Amino acid sequence: MKAEGSGWTLAAAWAAIRKSWYLIVGLTILGGVVGYGISATTTPLYQSTATLYFAMNQGTTGSDLNQGSSYTQSQMLSFAQLATSSRVLSEVIDDLELDVTPRELSRSISIAIPQDTAILDVQVTWPDPELAADIANGVSVELTEVLQDVVAKGPDGAATITADVIDEAVVPQFQALPNKTRDAGLAAILGFVVGVLAAFVVSLADTRIRNEASLARVTDLPYLGSITRVKSDGPAGLVVARDPHSHIAEDFRRVQSALAFANVDGTARRLLVTSASPGDGKSTFAANLAVTLAELGENTLLIDADLRRPRAGELFGLDSSVGLTSAVSGSVALEDAVIRWRESGPDLLLSGSVPPNSASILTSRAFQELLDKATDGYGVVVIDSPPVLTVADTNLIAPLVDGVLIVVDAAKTSRAQLAATIRTLEGAGARITGIVLNRVRLGRDRQSYYTEPSKKKN
């Protein structure tokens, strides 16, 4: 066992994005559509701008004009404030008969002063394009008139600073806000960011062991291979016997090869197959592994020791009323309880009648003697046992075998469940030979190879 690493790497981030690419694309498109829809249903606004120029009304020499220009520029912020004051806007409201207050109107007016200039831009944003131009022109005209009253006067009684409209506002032809293209683009970017964050959250929340990398985060135990999941509309069962040329049959041969490499000294003759929880596919795996071993020349016996929910009889289409419990109780000899299944297939010792207390069977002296006798008569004995985290039966059998194979369902087994399974087996004194990932997604390259043989060259 080893502690899981919590740090994110570029490879992990990219894997999370690839895994949830459909979510990212969907949120990006959704964001763009929603952004465009909101923009399209929002009341359009039009902008129109009037420009004024401010100048000192006194001085004839170059020095006077320079000082006057500097003084005018220093007062531009004051003139900007004056443009949105109630003194100016009240007159504009009265002239145009607007149903707003000066404060409300000021929110639709933007004043801009280009740097180091005596120019002031009055920009008005309004739902009516004609009113936008009228308000901008009205503000500029009223500002020039109010300016005559508020600025300092010269000796002749004239205002020292004057303002002239140099560009009148015109009726805009196109709406300025909202910008549908820009809003849709920004919303799409936001949707993309949310999608990426959602992909990371989904990846962090998903603790299932989907591949070898996830397995390596839990344990250093040998990884023996993976078994591709059967399509939802296809039958499971004895795939190796039914379709020996399928990619799943190849998966089992690879597992068998890895198992042979892990057992180079040939001492592991009793193999116990188990899993963390019910429904992980360990019974189907055990049956297909036994068929694979037999087809490769191994004298193999499959024992269904899952006395809680026996499946071997169902998988092989045989009556399991006579089997392990019958041989252990002594009502039937082992040789008579064993079923010969096909010439090149494994022999089968089915469960027999389900006992009220399976522990009494599995801990009996007769059961140990049965295993010893089976080991003497066969090259490999594959034992199907109950899930580790459900009942204690597997812990009772584990010390009696040479190796334990843990079947991990890539679609549902979590890292915590596998860690608990390993701890439980090691606590019982089991020797874990390796781990097999079951129901793994078939890669596109392998899928195309097996489904389109006419388009591939061997």
inquiry  = Relative contact order for the chain: what percent, with Cα pairs under 8 Å and sequence separation of 6 or more?
reply    = 18 percent
key: Mean residue ellipticity (222 nm) of the chain, computed from DSSP H runs ≥ 4 via -39,500 (n - 2.57), nearest 500   = -14000 deg cm²/dmol
task = Let me know the number of lysine pairs in the stretch 212-455 closer than 27 Å at the Cα, not counting same-chain pairs under 8 apart.
result = 5
key: Estimated dipole of the chain in Debye, rounded to 20 [Cβ of Lys and Arg +1, of Asp and Glu -1, Cα centre]   = 3040 debye
note = Per DSSP loop assignment and a cutoff of at most 13 other beta carbons within 10 Å, the chain keeps its longest run without exposed trypsin sites (Lys or Arg not before Pro) at 108-230
20 Å binning of all Cα-Cα separations within the chain, expressed as whole percents from 0 upward = 19, 29, 14, 13, 16, 7, 0
request  = Return one number: the angle in degrees, 0 to 90 and rounded to the nearest 10, between the long axis of the Cα atoms of helix 247-262 and the longest principal axis of the Cα atoms of the chain.
outcome  = 70 degrees
note = Expected unfolding gain across residue 148-residue 389 under the 0.36 nm per residue rule, minus the alpha-carbon gap, is 77.6 nm
request  = Restricting to the chain, compute how many DSSP beta bridges are antiparallel as a %, nearest 5.
outcome  = 45 percent
Sequence-separation-based contact order of the stretch 237-374, relative, with Cα cut under 8 Å and 6+ spacing, percent = 22 percent
ask   = So how far, in whole Å, is the C-alpha centre of the stretch 355-389 from the one of the stretch 240-284?
value = 19 Å
task = Would you grab the residues whose amide H sits under 5 Å from the one on residue 228? Only those 5+ places off in sequence or on another chain, please, with H modelled 1.01 Å from N.
result = 440
note = Straight-line reach check, residue 153, cutoff 16 Å on alpha carbons, 8 or more apart in-chain or any other chain, hits among aspartates and glutamates -> 145
query = Residues with beta-carbon under 11 Å from that of residue 119, excluding residue 119: net charge, scoring Lys, Arg +1 and Asp, Glu -1?
reply = -4
task = Quickly work out the residue 55-to-residue 42 label distance, labels modelled 7 Å from Cα along the C-beta direction, and quote it in nm with one decimal.
result = 4.1 nm
message = Going by Cα centres, the stretch 115-146 and the stretch 309-354 are how many Å apart?
response = 96 Å
ask   = What list of ³J(HN,Hα) couplings, whole Hz, do you get for the stretch 364-376 from phi and the Karplus terms 6.51, -1.76, 1.60, once you set θ to phi - 60° and write x for glycine and proline?
value = 7, 5, 5, 5, 5, 5, 4, 5, 4, 5, 5, 5, 5
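Here, each number is a calculation from the coordinates, and none is a lab measurement. Quick caveat, the model's predicted, so the values are computed rather than measured. Don't worry about glycine lacking a Cβ; one is built from the backbone with ideal geometry, like all the others, and counts go over all protein chains shown.
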